[in-house]
Amino acid sequence: MADIGAALTGAGPSPPSAAARPGWVTGLVGPAGSGLTRLGLVMLGGHPGTVAVVDVRGWISPLAAWESGLDPERLVVVRCPDPSRWAGVTAALLDGLGAVYAEMPPGVADQSLRRLAARARSRRSSLLLRPLQGGLPSGVAHLQLHGEGVSWEGAGEGHGRLGRRLLTLRAGGKGAGGAERHLEVEDDGTNAVRVVPGLAAAPSRRAAG
């Protein structure tokens, strides 16, 4: 299956879908309401084995993960809001599982993040980091995706059926070919989130959450 990395490097069929890559650390950076939590869960859905979610805010439910295409039978949700324990919990999950999506609380040391990144690379595990405040230090993420906006089609004036949502992302890092790029990710409510080839014109209404 082609993925976001393939879209950025020009490889793979078009339009590609979103998927996490083995051995990659992907940073999902942006304010709440950017659509990044759902994107991260969908990216885990392509992994064939058991996957883990580290939930810092207490917002993530197994139902939301199931709606994003994750099999509840192979999903582990760990709630860990404590910054002093977070790195150890995430490292333990990387040791046992092939893919982890981790919300990151404020206050985690840069050195802890660099050790986690090295662990993910050495184990060929997919690690998706979602900082709840700020970003990631340089060199930690192979690919950084910054949420810049969310727009939707199909609903207006407070009513109507939501047709699809478009996430506008700014990508950087080695996974983006070493240059900043912009892309859109289309979400029609199914688990088949797709990278849109080329930037479409943004609809007039923008989501706040």
Inset, instruction - Can you work out which of the residues in segment 151-171 that are touching a strand residue (DSSP E or B) at 6+ places or on another chain (Cβ under 8 Å) and surrounded by fewer than 20 Cβ atoms within 10 Å (Cβ to Cβ) is modelled with the highest pLDDT? - result: 170
Inset, instruction - Please indicate, with yes or no, whether at least one residue in segment 93-110 is in contact with a helix residue (DSSP H, G or I) (Cβ under 9 Å, 6 or more places away or on another chain) and without any contact (Cβ under 8 Å) to a residue 24 or more places away in the chain. - result: yes
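The values are calculated or read from the model by the stated rules, or taken from the named source; none is laboratory data. Computed from a prediction, not measured in an experiment: that's the story for all the values here. Because the Cβ atoms are built from the backbone with ideal geometry, glycine has one as well, and the counts that use them run over all protein chains shown.
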